[in-house]
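Chemist: Input: one structure, supplied below.
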Amino acid sequence: MDKKRVGLVTLGVLVVFAVAGGVAWFGPWRDDDGGTTSGRRPGVDEKDPAVEAADAFAAAWQGGTLKQVRFAAGTTSTNVAGSTALIVANLTSGENELPGVEVTAVKRADGDDHRATATATVTWKLDGGLTWSYPTVVPLVEAKGTWLVRWSPAVVEPSLQPDEGLKVARVAATRGQIVDTTGTALVGAQGKVVVGIKKSRTTDPEGLARTVAGLTAQDPNALVAKVAAAGPDQFIEVVTLERADYDKIRAQIQPLPGTVFREESAGSGLPENYARALLGTVGTATPEIVAASKGRVVAGDVTGLKGLQASQDAVLAGTPGVTVQAITTAPGAVPRALKTFPPVPGKNVTVTLDQRVQTVADATLAGTANPSALVAIRISTGDVLAVANGPTGSDAYNRALIGKYPPGSTFKVASTLGLLVNGLTPDTVVDCPATVTVGKVFKNAGGEVLGAVPFRKDFADSCNTAFVGQSSKITADQLSITASLLGYRKLPDLGIPVFGGSVPTTGDATEHAANMIGQGKVEASPFAVALATASVASGSSLQPRLVVDPAKPHAAGAALPADKVAQLRDLMRGVVTDGTGNALLGIPGGDVFGKTGTAEFGTEDPPQTHAWFTGYQGDIAFAVLVEDGGFGGAVAAPLAANFLSALASGT
């Protein structure tokens, strides 16, 4: 579309050449014997040569073949085709360049059999799914026995003058807000707008700089120099405008190729980093977003770029207002509005985040040395209470929801439920040697050896070799199904992309043994790990919810085997009282049930490890991850203790 704008400068010159003749057609409907019907156009003589000429013009215009049509004296098909293209160059995007044209009537001039007038309906598919239809008049003349169209710009649109073209100006709708269940906005309302230039998006950086300077009352020479010195993809800041001031010039500045914009939200009253990666950001649409939107978003629109702002953009953004204008290249000319489609405000999106829980989760991870994540879920409902990513100031990657990690020993929650269902009990004696071989040698963290002990001790101390030794007691399919019931599965639509985990069933015995301890090919996000723990705590295959949709009642999950789940909860309590999770023993807020995890990754020797802790207290289940953090009990568990202690103290 940018290349079309350049051609508009010559519109006034080229259109002057084309002030005389043309033709129009929507499509002849013929019966089997070659005649024409009149049922679709009552009163129109389908065999009238003037009608046929009008139909032919309509067919050529909507088919893009105006160069193949003869016109009345004074112009040529090439001039008509070129002038028409220039007139509509700024009306639509490339895929909607041609209109639908339907001839509805043809009337001979009174007292002159050599002149006629066709009435036609022209329909344009505008960007954003809008349709603009209007009637136009097509003059026809007979010359040497042939009917021809006498073309002028008014054939394209009846009010157009010879030096005018058509243009669409978009005005953004008021964007909806992301709110919590109390109705409190979690992101500030629209605030200031930073106007910028990106050289790679324009063919005339200097011309654009001067135009933008004029619209924003900046020094044009200074801005030209600033643009010239910048890199091609640099955001060249021009000026920061109050929203009201920006709205006054938006229709003029926003469509200019090369202009970019960044919105600065008004304060929401919440911490600056509040759920940053989850809530996301808003800014000028990228080419990829424009292409994927199928016409909903056009170049220059301000749209959601990341997080919920992006995934819920169709709801939040509303529908931009569109004004079809007649414009001229004359200096200082004011566009004429031909058709206005008012904007439709966006709607609010309600999420289940709890302000206090989210704020504490963000603060818990704010100072971590390595990338980290924390997810909290309400056990009684499945509502997501917090999605935090740390440390503060790091990238806005939402590892809490879409990160893919080996869950390590936190996956033993799923493995244990499967073993309990298959007959194992907490008191079954299960050996915990230094190593065990199932296709390869497996060993314990820190070289631990427990010997022959009750399984509850193996679980509390997270003995890898005990679980590997039990891998033959449960099939890969059983393990995958059990894990899926807890949360390691493709999750229902939560309103934003979430990785629910993967537990393959196609590997050999060695891979199955590794999967038992959350290694092998098992992957999970912190969200999936937290959901699995929440399911154990609730006694059901919990269905999570993040975006509240009143039209979709929240579904209850299938019940898990109550007696086995009760045993598993008891084992998870033992991790805190007598095992690797003792960092959470005695913290305020009540008993904590949990499981540590130390997940190996990479190719180093010894391998690097992610630190995990997952657990629940009261009505809150959670998972904590620290990438490359070391041992779960030493790194992630203390963070979990800080999180729960802060919640209990109200800080």
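Laboratory data are not the source of any read-out in this text; all were calculated from the coordinates shown. Note that the coordinates shown come from a computational prediction; the quantities given were computed from them, not determined experimentally. No Cβ is skipped: glycine too gets one built from the backbone with ideal geometry, and neighbour counts run over all protein chains shown.
Chemist: Work from the charge dipole of the chain (Cβ charges, +1 for Lys and Arg, -1 for Asp and Glu, about the Cα centre) and give the residue of Trp612, Leu166, Gly589 farthest towards its positive end.
Modeler: Farthest towards the positive pole: Leu166.
Chemist: Let me ask something else about it. Taking 45 Å as R0, compute the FRET efficiency from the Cβ-Cβ separation of Asp204 and Val137 and round it to 0.05.
Modeler: 0.75
Chemist: Label points 7 Å out from Cα along the Cβ direction at Asn370 and Lys440: separation in nm?
Modeler: With each label point 7 Å from Cα toward Cβ, the separation is 2.0 nm.
Chemist: With just the Cα atoms of the chain, tell me how far they stretch along each of the three principal axes, in Å, largest first.
Modeler: Extents along the principal axes: 113, 68, 46 Å.
Chemist: Is the shape of region 355-649 best called rounded, prolate or oblate, per the rule: a/c under 1.5 gives rounded, else a/b larger than b/c gives prolate, else oblate, with a ≥ b ≥ c the square roots of the Cα gyration tensor eigenvalues? Don't jump to the answer; show the numbers that get you there.
Modeler: On the way: a/c = 1.44, a/b = 1.30, b/c = 1.11.
Taking the square roots of the gyration eigenvalues as a ≥ b ≥ c, region 355-649 is rounded.
Chemist: Here's a follow-up. Using 0.36 nm times the number of residues separating Asp48 and Val429, minus their current alpha carbon distance, what extension gain do you get?
Modeler: Value of the extension gain: 127.2 nm.
Chemist: For a quick check of your reading of the filter: which trypsin sites (Lys or Arg not before Pro) in region 233-319 sit in a DSSP loop and have no more than 14 other Cβ atoms within 10 Å?
Modeler: Lys294
Chemist: Run down the lysines and flag those whose C-alpha is under 29 Å from the C-alpha of Lys443, throwing out any fewer than 8 positions away in its chain.
Modeler: Lys443 reaches Lys404, Lys412, Lys457, Lys473, Lys521, Lys564, Lys595.
Chemist: Ala337 to Asp233: FRET efficiency via 1/(1 + (r/R0)^6), r the Cβ-Cβ distance, R0 51 Å, to the nearest 0.05?
Modeler: Step by step, r from the Cβ atoms, then E = 0.90.
Chemist: What is the distance in Å between the Cα centres of region 586-651 and region 58-114?
Modeler: 71 Å
Chemist: Report the full-extension gain for the segment Val453 to Asn422: residue separation times 0.36 nm, less the Cα-Cα distance, to one decimal in nm.
Modeler: In short, 9.2 nm is gained.
Chemist: Continuing with the same structure: Check the straight Cα-Cα distances from Lys199 and name the lysines below 26 Å, setting aside those fewer than 8 residues away within the same chain.
Modeler: Hits, sequence-local ones excluded: Lys3, Lys4, Lys167, Lys226, Lys248, Lys294, Lys306.
Chemist: Here's another thing I want to ask about it. Explain nothing, just the number: dipole magnitude of the chain about its Cα centre with +1 on each Lys and Arg Cβ and -1 on each Asp and Glu Cβ, in debye rounded to the nearest 20.
Modeler: 720 debye
Chemist: Using helices alone, what [θ] at 222 nm do you get for the chain, with -39,500 (n - 2.57) per DSSP H run of 4 or more residues, divided over all residues and rounded to the nearest 500? Present the calculation step by step, with values, prior to reporting the outcome.
Modeler: Details: 22 runs with 193 residues, N = 651.
Rounded to the nearest 500, the figure is -8500 deg cm²/dmol.
Chemist: When the Cα centres of region 507-543 and region 325-371 are compared, how far apart do they sit, in Å?
Modeler: Going from one Cα centre to the other spans 37 Å.
Chemist: Still on this structure: Work out the FRET efficiency for Lys552 and Ala509 from their Cβ-Cβ distance, taking R0 = 45 Å, and round it to the nearest 0.05.
Modeler: Here the calculated transfer efficiency is 0.60.
Chemist: Turning to a different aspect of this structure: Using 0.36 nm per residue of separation minus the Cα-Cα distance, give me the extension gain between Ser649 and Asp563 in nm, one decimal.
Modeler: Gain on extension, Ser649 to Asp563, equals 27.6 nm.
Chemist: Let me ask another. Nearest 5 percent is fine: what portion of the DSSP beta bridges confined to region 178-350 is antiparallel?
Modeler: In region 178-350, DSSP labels about 90 percent of beta bridges as antiparallel.
Chemist: How far is it, in nm, from the label point at Ala217 to the one at Lys144 when both lie 7 Å from their Cα along the line to the Cβ?
Modeler: Going from the Ala217 label point to the Lys144 one covers 6.3 nm.
Chemist: Right, next: In the chain, if the dipole is taken from +1 on Lys/Arg beta carbons and -1 on Asp/Glu beta carbons about the Cα centre, which of Gly82, Gln177, Thr136 is farthest to the positive end?
Modeler: Ranked along the dipole, the leading option is Thr136.
Chemist: Using label points projected 7 Å from each Cα along Cα→Cβ, tell me how many nm separate Lys404 and Asp570, to one decimal.
Modeler: Roughly 3.9 nm, to one decimal.
Chemist: Something else about it: What number comes out for the charge environment of Asp313, summing +1 per Lys or Arg and -1 per Asp or Glu over other residues with Cβ under 11 Å away?
Modeler: +2
Chemist: Under the rule of at least 5 residues apart or a separate chain, name every residue whose amide H is placed under 5 Å from the amide H of Ile178.
Modeler: Amide H neighbours of Ile178, under 5 Å, 5+ apart: Leu186, Val187, Val349.
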